[in-house]
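The values are calculated or read from the model by the stated rules, or taken from the named source; none is laboratory data. Quick caveat, the model's predicted, so the values are computed rather than measured. We place every Cβ from the backbone using ideal geometry, glycine too, and count neighbours over all the protein chains shown. Accessible surface is based on the protein model in full, side chains and every heavy atom, while ligands, DNA and RNA are left aside. Shrake-Rupley method; radii C 1.70, N 1.55, O 1.52, S 1.80 Å.
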Amino acid sequence: MAASVVATELHKAYGSTVALGRVSFAVEPGELFGFVGPDGAGKTTLFRILVSLVVPDGGEARVDGLDPVRQYRELRRRLGYMPGRFSLYQDLSVEENLRFFATIFGTTIEAGYDLIREIYAQIEPFRDRRAGALSGGMKQKLALSCALVHRPKVLFLDEPTTGVDAVSRREFWDMLSRLRAEGITIVVSTPYMDEATRCDRVALIQEGSLLGVDTPAAIAASFDRPLLVVRTPRRLDALRVLRSYEHARSAWSFGEDLHYADTRDRVEPAEIARLLAGAGIPDAVVRPATAGIEDVFMDRMHGTAAPGAAA
Amino acid sequence: MRTIGILLQKEFRQIFRNRGMLPILFGMPFIQLMILAFAVTYEVRDTRVSLVDDDRSYVARLLVDRMEASGYFVVASRPASLALAAEDLHYARSRMILHVPRHFERDLRTGGTGRIQITLNAEDGAAAGVIQAYAMQVIASVNREIQADFVPVALPDFHGGLDVPAGSGTVAPAAGIRLVPRHWYNPALDYQTFMVPGILVLLVTMIGTFLSSMNVVREKEIGTIEQLNVTPIRKHEFLVAKLLPFWLIALVELAFGLVLAKVVFSVPMLGSLVLLFALAGVYLLVMLALGLWISTITETQQQAMFVAWFVMVIFIMMSGLFTPIDSMPDWAQALTRLNPVAYFIEIMRRVLLKGAGLADVRFHALALAAFATVLLTLAVRQYHKTTA
């Protein structure tokens with residue numbers, strides 16, 4: 001089967017700033033495909049090219065077989081797009097917004113209802129409320145309903161969970177999983193590494209370039225060095241000691257913990273504990289760990305150990 | 001067409017739901033018309049005069065009586081000398097010095113020419129000019145009055161306090177010739193009759209330019225344009241739906257204003273209202289195009305407001321509403337030929353006050369049509385360029 005979204009050497013620059021540098025990838029039909037990367041990585045530019053809002057400087061794209069530059073009018077009937085910023089009419093009610101977007105696509109709420117039922121049912125009790133008066137989670141559900149009401153073949157969601165609480169985020173990903181079961185191709189971007197595991201495949205993006213495309217498991221497994229988790233109250237001191245260790249590949253701060261990767265094939269936790277104790281940090285707890293996507297991302301982003309870089 | 005219908009429905013819903021918008025649409029015009037029409041007048045009444053009467057004669061008293069009776073002058077002080085009178089002028093206790101020198105009446109009777117001196121504070125040059133004109137009128141009428149007694153000519157001799165227009169002395173009409181001014185189309189020289197049609201143009205202009213530019217920019221500012229642009233809505237559908245409501249609202253506003261003009265200000269309406277509305281429709285296309293153009297070069301409603309304000313101030317100041325175009329320097333008069341507001345004010349006055357038909361304002365109508373065509377083309381092209 002032909003791929004649902006194909007990008008070939010897509011390129012876009014704003015002045016001397018390269019927003020997107022020759023990016024290529026393919027998304028299979030029915031796939032839940034995630035772009036993971038920090039703010040400013042080029043995710044939004046990429047999405048805006050794919051949904052026909054921005055013309056690329058170079059390269060080609062196909063979305064559901066259509067060229068976003070030349071066949072944008074046909075394409076716009078077939079895709080759903082939810083921009084990162086809430087983009088519905090705050091002064092129209094929930095129902096008016098949904099009805100508006102349904103009618104400009106030449107359909108009705110009723111015709112698209114079975115697809116959005118599960119999502120819209122949660123905000124339907126507030127159908128007469130102005131969209132501007134909804135909570136963040138409800139706004140997001142309304143936006144998703146509006147992007148889906150015309151039964152798009154491909155759905156683009158640009159950072160849909162940014163600024164949404166943890167419970168709503170989990171609910172949102174559950175909804176995406178169910179939509180995927182309906183056969184809709186979903187392309188989503190997120191700055192949160194933990195959300196990457198909910199995708200079928202993930203592309204790591206940084207400074208306009210892809211650092212790798214694979215399943216979340218394969219990406220995590222690609223971390224080929226031994227990884228240790230270090231817990232100590234004196235994190236900054238420990239980080240400095242670890243980074244200056246001769247066998248250190250990298251050392252990063254991960255929330256409460258430090259993640260330490262060694263350049264050798266094996267490393268004993270006791271060895272690192274001794275190293276820290278020798279440097280005046282005696283109470284560190286060191287244990288082996290399995291690398292996650294975030295470890296891979298940090299590793300690929302900075303190459304080898306980068307003592308000067310921010311933790 | 002169906003899409004435009006849906007979009008229009010949405011626009012009207014938003015406009016009438018906007019709590020800030022309704023007062024602007026229907027309160028502001030009413031208030032502006034009421035305040036401006038009553039406040040904006042070129043009349044200067046009750047000018048305070050310092051009288052230095054060194055003659056104390058019959059003619060001098062007659063002159064002062066007539067000046068006060070005109071309603072334009074009040075004798076505020078009678079200083080003993082010109083020096084003291086100058087002090088009054090300096091400390092703003094009076095605005096004008098009237099000096100009747102000794103032997104004024106004797107000179108008038110014997111030599112036929114008496115001289116009086118008027119000194120004006122001309123900080124506000126326009127007002128000083130008006131006061132001077134009033135004084136001339138009174139002097140001229142006194143001249144006529146005393147003609148029966150003796151062959152008279154009172155030659156006023158003007159000196160500006162700060163800056164009086166040069167060459168303002170006037171020779172009174174020779175005996176036997178009477179000048180009877182008659183003001184056609186506005187016989188009572190009623191300022192409201194003259195101002196109200198112009199103010200109505202301002203109202204319609206504000207709605208056409210300010211509100212339309214802000215409304216288009218708002219979609220950009222709030223980000224909704226991002227969502228709209230990935231729908232099958234065509235650009236021209238979007239533009240028609242954005243601009244048509246304000247075109248209609250402005251015409252309704254004009255009707256509302258005309259009713260007020262008739263009922264409150266008794267402005268004569270001699271010409272065809274159908275013609276007036278037809279031309280207003282064309283004029284509004286010009287202003288809407290301007291609003292659209294402003295919206296393409298701005299990102300937020302605030303920026304749009306500033307640019308619209310900048311353009312509007314120039315258009316309005318140079319429209320002939322507050323200052324006659326005839327009194328502007330040549331280069332400024334040439335510029336007003338590019339000012340659509342000036343054309344439409346002219347049309348309003350001619351049609352309402354003079355009963356002009358299409359043939360009488362055909363040049364103005366053609367100019368507006370040309371502006372509309374050029375500006376709309378440019379604005380729409382610019383809009384296409386700035387949005388992907």
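Distance from the alpha carbon centroid of segment B:230-270 to that of segment A:211-247 works out to 67 angstrom. Bridging of B:Lys354 to lysines at a Cα separation below 16 Å is possible for B:Lys262, once same-chain residues fewer than 8 apart are set aside. Helix B:273-296 axis versus longest C-alpha principal axis of chain B: approximately 70°, rounded to the nearest ten. If the chain linking B:Met34 and B:Met328 were pulled fully straight, counting 0.36 nm for each residue of separation and taking away their Cα-Cα distance, it would gain 103.1 nm.
Need one number: the % of Cα-Cα pairs in the protein assembly as shown sitting beyond the 50 Å mark.
On the way: 105954 of 243951 pairs.
Beyond 50 Å sits 43 percent of the P(r) for the protein assembly as shown.
Positive end of the dipole of chain A, charges at C-beta (+1 Lys, Arg; -1 Asp, Glu), about the Cα centre: which of A:Val63, A:Val36, A:Tyr192 has its Cα farthest in that direction? Positive-end residue among those listed: A:Val63.
If you take the beta carbon distance between B:Leu62 and B:Met317 as r and set R0 to 56 Å, what does 1/(1 + (r/R0)^6) give as a FRET efficiency, to the nearest 0.05? The value I calculate is 0.85. Peptide B:230-237 is shielded by partner chain Cβ atoms: per residue, an average of 5 of them sit within 10 Å of its Cβ.
Kirkwood-type hydrodynamic radius, segment B:1-132: 19.0 Å, calculated from all non-identical alpha-carbon pairs.
Averaged over A:53-63, how many beta carbons belonging to a partner chain fall within 10 Å of each residue's beta carbon?
What the average comes to for A:53-63 is 1.
Legend: translational diffusion of segment B:338-388 by Stokes-Einstein, Rh = Kirkwood radius over C-alpha pairs, 10 °C, 1.306 mPa s; D = 129 µm²/s.
For chain B, leaving out every one of the GluC sites (Glu not before Pro) that falls in a DSSP loop and has at most 15 other Cβ atoms within 10 Å, the longest unbroken run is B:124-298. In terms of distances greater than 26 angstrom between alpha carbons, the cross-link table entries A:Lys12/B:Lys10; A:Lys12/B:Lys235; A:Lys12/A:Lys139 yield A:Lys12/B:Lys10; A:Lys12/A:Lys139.
Between the Cα long axis of helix B:2-17 and the first principal axis of chain B there is an angle of about 50°, rounded to the nearest 10. Its Kirkwood hydrodynamic radius, worked out from the mean inverse distance over all distinct Cα pairs, puts chain B at 24.5 Å. Highest mobility in the GNM of chain A, judged by mean-square fluctuation with C-alpha springs under 10 Å and restricted to A:Thr107, A:Thr161, A:Thr197, is found for A:Thr107. Here the dipole of the protein assembly as shown is about 1280 debye; that uses its Cα centre as origin and unit charges on the Cβ of Lys and Arg (positive) and Asp and Glu (negative). Return, ordered by residue number, the residues of segment A:146-160 whose backbone nitrogen is under 15 Å from a label point located 7 Å along Cα→Cβ of A:Thr108. Only A:150 fall inside the zone, counting backbone N under 15 Å.
Site pair B:Lys262 and B:Ala69 shows an inter-label distance of 4.1 nm when each label is modelled 7 Å from Cα along Cα→Cβ. Net charge dipole, chain B: roughly 1320 debye, given to the nearest 20, about the Cα centre with Cβ charges of +1 for Lys and Arg and -1 for Asp and Glu. Other protein chain C-beta atoms within 10 Å of residue C-beta, averaged over B:219-226: 5. Computed from the Cα positions only, the extents of segment B:200-296 along the three principal axes stand at 52, 21, 17 Å, in decreasing order.
With a Förster radius of 41 Å applied to the beta-carbon distance between A:Ala13 and A:Thr290, the computed FRET efficiency rounds to 0.60. Considering only alpha-carbon pairs that sit under 8 angstrom and 6 or more positions apart, the relative contact order computed for chain B is 16 percent.
Only Lys, Arg, Asp and Glu carry charge here, each on its Cβ (+1 for the first two, -1 for the last two); on that basis segment A:116-209 has a dipole of about 380 debye about its Cα centre. Straightening the chain between A:Glu246 and A:Ser209 buys 10.2 nm, computed as 0.36 nm per residue apart minus the Cα-Cα spacing.
Taken along the Cα-to-beta-carbon direction at a fixed 7 Å, the label points for B:Lys354 and B:Glu221 span 4.1 nm. Once the Cα-Cα distance is subtracted from the 0.36 nm per residue extended length, the B:Ala133 to B:Ser77 segment shows a gain of 18.0 nm.
Over its Cα atoms, what ratio of radius of gyration to 2.2 N^0.38 Å does chain A give? Mind dumping the intermediate values first?
Values: Rg = 22.5 Å, N = 311, 2.2 N^0.38 = 19.5 Å.
The reported ratio for this selection is 1.15.
Surface composition of chain B: carbon plus sulfur atoms hold 62% of the accessible area, using a 1.4 angstrom probe and ignoring ligands, DNA and RNA.
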